[in-house]
Amino acid sequence: MQCPYCSSLEDKVVDSRLSKEGEVIRRRRECLQCQRRYTTYERIEENLPMLVKKDGRREPFDRNKILSGLIKACEKRPVSVDHLQLVATKIEKAIQERGVNEIESHIVGEEVMRHLHSLDQVAYVRFASVYREFKDVNQFMSELKTLLDDSGPHPDKRPHTASS
């Protein structure tokens, strides 16, 4: 492993831990040259399908792109990066379990939206507005109306009255 600070290839593993799900190993390493510590993650390389984009281009499935989209959607929202990483892992696993060689990008996008819908509604609308490429405010309002109709009144979000 190359040190991210001095580029040395000599290091030692200081600590190794298994993730909660047992799918990732976290290793703390110390560079033998500069003595700085850094963290690496190991996961099994799995055969993931090629992603077929809207224009027909194909590119390898990239979990980091999903995580990046989740992070952008949840910016300034009360959602931890750890939780977003878990969602990205769930999406990646769902894609892999399909057992196909190619998957259309809109299927992945819908899977991201499904998770965001239950995770954070503001993040969901942010993602949907970019993903669905709303052309005008009417499309945006229609999506909001659908979201509100789906969620219904939330018991903790009732309007306060004088008797409350």
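The values are calculated or read from the model by the stated rules, or taken from the named source; none is laboratory data. This is a predicted model, so every value here is computed, not measured. Cβ: placed from backbone, ideal geometry, glycine included. Neighbour counts: every protein chain shown.
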Open item on the list: Consider the range 61-120. How many of its residues are closer than 20 Å to Thr146 by Cβ and in a helix (DSSP H, G or I)?
Closed with: 14
TODO: Report the residue count in the range 58-75 for those that are touching a strand residue (DSSP E or B) at 6+ places or on another chain (Cβ under 9 Å) and over 17 Å from Lys93 (Cβ atoms).
DONE: 2
Task: Qualifying residue in the range 155-162 (condition: loosely packed, with under 14 Cβ neighbours inside 10 Å, among the basic types (Lys, Arg) and modelled with pLDDT of 90 or more) - done: no
Task: Residue match in the range 46-66 (condition: surrounded by 14 or more Cβ atoms within 10 Å (Cβ to Cβ) and touching a Leu at 6+ places or on another chain (Cβ under 6 Å)) - done: yes
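For (1) aliphatic (A, V, I, L, M); (2) closer than 22 Å to Phe127 by Cβ; (3) within 26 Å of the chain's Cα centre (by Cα); (4) not assigned by TED's automatic domain parsing to the domain that holds Gln85, each residue gets a yes or a no:
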site: Cys3; (1), (2), (3), (4): no, no, no, yes
site: Ser16; (1), (2), (3), (4): no, no, yes, yes
site: Val24; (1), (2), (3), (4): yes, no, yes, yes
site: Gln33; (1), (2), (3), (4): no, no, no, yes
site: Tyr38; (1), (2), (3), (4): no, no, yes, yes
site: Arg58; (1), (2), (3), (4): no, no, yes, no
site: Arg63; (1), (2), (3), (4): no, yes, yes, no
site: Ile66; (1), (2), (3), (4): yes, yes, yes, no
site: Gly69; (1), (2), (3), (4): no, yes, yes, no
